[in-house]
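Worksheet: the structure to be examined is printed underneath.
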Amino acid sequence: MIQPLVSIIVLTYNSSLTILETLESLKKQSYPNIELIISDDASKDETVKICQTWVQANSYKFKKCTILTTESNTGVSANCNRGCKIANGVWIKLIAGDDALYPNAIYDFMTFSHNYPQAKIIHSKINCFFNTLNEKNLIKGEIVKYPPYFTDNKNNNVNKQHNYLCLKNTIAALSVIIKKQIYDEIGGFDEDIKQCEDWPMWLKLTQKGYTFFFLNAITGKYRIHATSISGK
């Protein structure tokens, strides 16, 4: 199987308490061809210093490591764009600095893309946790129920997907991987919507005719806590 370069963009802002858990989960990826980009949105804590120290010790695990910083806070969407624009990968994968990936996440995504070469956007299952990513804090039960046109790859329907997404967004950014070419074609995330990057992007993608394909595997650990954007 061909192993295309995957760029993982870690989005940080005052993430000093959780960022090491995120980075360690990326270090443990079984897929070998990964570029790591950390994009920090003017953190006021020790996030950047922690990342610099970690990268110095662990850069050997990745094809390339880059840390981006900015002098002023610009919002999630602009932070996403800074990281994605410099990505060299065929695929780009976003992750917040308080979430994590399971060890086979990128391998599973790339295996799926090999089996479905027409897929340019892939979403998957994720587990949700409250406060910490320990199994005892796993939120049990099915968090999201998708209509069949989001999960049946033989009968997925981009028009139905778009109409559904006009009403609500149940696709977490953590669950998605996207081809860099598509990101470039549609012009990236909408920076006018500073604190909601994913929903407007999904609408734009499906409006342009790009269909979500479904990987029936759990790839990520999503943290829900009082200080996160979703928590607020």
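The values are calculated or read from the model by the stated rules, or taken from the named source; none is laboratory data. Remember, predicted model here, so these are calculated numbers, not experimental data. A quick note on method: Cβ atoms are made from the backbone with ideal geometry, for glycine too, and the neighbour counts reach across all protein chains shown. Accessible surface areas use protein heavy atoms only, side chains included; no ligands, DNA or RNA. Shrake-Rupley method; radii C 1.70, N 1.55, O 1.52, S 1.80 Å.
With respect to (1) in contact with a strand residue (DSSP E or B) (Cβ under 9 Å, 6 or more places away or on another chain); (2) among the charged types (D, E, K, R); (3) within 27 Å of V76 (Cα to Cα), the lone exception for D184 is condition (1). Scanning the stretch 148-172 for residues that are open to solvent by 20 Å² or more (accessible area, probe 1.4 Å), among the hydrophobic types (A, V, I, L, M, F, W, C) and more than 16 Å from N216 (Cα to Cα) returns V158, C166, L167. Considering only residues that are open to solvent by 10 Å² or more (accessible area, probe 1.4 Å) and more than 14 Å from G89 (Cβ to Cβ), which ones fall in the stretch 26-40? Selection gives K27, K28, S30.
The criterion of at least 1 residues that are closer than 17 Å to A173 by Cα is met, among helices (runs of 4 or more DSSP H) falling completely within the stretch 1-116, by 19-27, 76-85, 105-115. Scan the stretch 169-180 and give yes if some residue there is part of a helix (DSSP H, G or I) and over 24 Å from Y102 (Cβ atoms), otherwise no. Within the stretch 169-180, none of the residues are part of a helix (DSSP H, G or I) and over 24 Å from Y102 (Cβ atoms). Within the stretch 106-128, the only residue that satisfies the criterion of being surrounded by fewer than 21 Cβ atoms within 10 Å (Cβ to Cβ), under 17 Å from K221 (Cα atoms) and aromatic (F, W, Y) is Y107.
Take the residues of the stretch 179-201 that are surrounded by 22 or more Cβ atoms within 10 Å (Cβ to Cβ) and out of contact with any Gly (no Cβ under 9 Å at 6 or more places or on another chain): which is farthest from K85 (Cα to Cα)? Filtering the stretch 179-201 for residues that are surrounded by 22 or more Cβ atoms within 10 Å (Cβ to Cβ) and out of contact with any Gly (no Cβ under 9 Å at 6 or more places or on another chain), the one farthest from K85 (Cα to Cα) comes out as F189. Before we move on, is T132 outside any helix (DSSP H, G or I), open to solvent by 30 Å² or more (accessible area, probe 1.4 Å) and over 20 Å from L215 (Cα atoms)? For T132, the condition - outside any helix (DSSP H, G or I), open to solvent by 30 Å² or more (accessible area, probe 1.4 Å) and over 20 Å from L215 (Cα atoms) - is met.
F189 falls short on exactly one of the conditions (1) assigned to a loop (DSSP other than H, G, I, E, B); (2) in contact with a Ser or Thr (Cβ under 6 Å, 6 or more places away or on another chain); (3) modelled with pLDDT of 90 or more, and that condition is (3). Looking at N115, N88, N79, N153, can you tell me which residue is polar (S, T, N, Q), more than 16 Å from V10 (Cβ to Cβ) and touching a residue at least 12 places away in the same chain (Cβ under 8 Å)? Answer to the selection: N153.
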